[in-house]
Amino acid sequence: MKPNERMNHDGRVKLILEALHDAKGFDIVTLDIRPLADFTDTMVIVNGNSTRHVITLAEKVVEKLGQHGIKSVGVEGLDTAEWVLIDAGDVV
C-alpha cells in the first residue's frame, strides 16, 4: 500500500493487524462495535507477555501507520504499558 491519509477503514485495520502479527502479539481480536458505539467503528485488542512487549506492540502499530501517512490521533498508557490505547480514528 502507498502512503495515504485517506486510506479506507479496512486498510487501516489490515495495517494494524500486520504490525501486531509482526511484533508477535497474541490473542488478537477485532471487534466491530458500530452497533454499540459512535466513537469508533472497530476495536482491536491484543495481548503482550510483558510491559516491554506491550510497548513494542504499540510502537510497531504507530510506526506502521506512520509509514503509510496515517498519524495516530492519540496514544495513552504507554508510560506504564500495563495497557495502551491507540486512537486511529475509526479504529481503536
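The values are calculated or read from the model by the stated rules, or taken from the named source; none is laboratory data. This is a predicted model, so every value here is computed, not measured. These accessible areas exclude ligands, DNA and RNA; they are computed on the full protein's heavy atoms, side chains included. Shrake-Rupley method; radii C 1.70, N 1.55, O 1.52, S 1.80 Å.
Considering only alpha-carbon pairs that sit under 8 angstrom and 6 or more positions apart, the relative contact order computed for the chain is 32 percent. With a 1.4 Å probe and all protein chains left in place, how much of the accessible area of the stretch 22-86 comes from carbon and sulfur atoms, in whole percent? In the stretch 22-86, the share of accessible area belonging to carbon and sulfur is 53 percent.
If DNA, RNA and ligands are ignored and the probe is 1.4 Å, what is the ranking of Lys71, Lys64 by accessible area, most exposed first?
Accessible-area ranking of Lys71, Lys64, largest first: Lys71, Lys64.
With N set to the residue count of the chain, report its C-alpha Rg divided by 2.2 N^0.38 Å to two decimal places.
Numbers: Rg = 12.4 Å, N = 92, 2.2 N^0.38 = 12.3 Å.
The value comes to 1.01.
If you run the Gaussian network model on the chain, springs between alpha carbon atoms under 10 Å, then out of Ile28, Ile16, Ile70 the most flexible one is Ile28.
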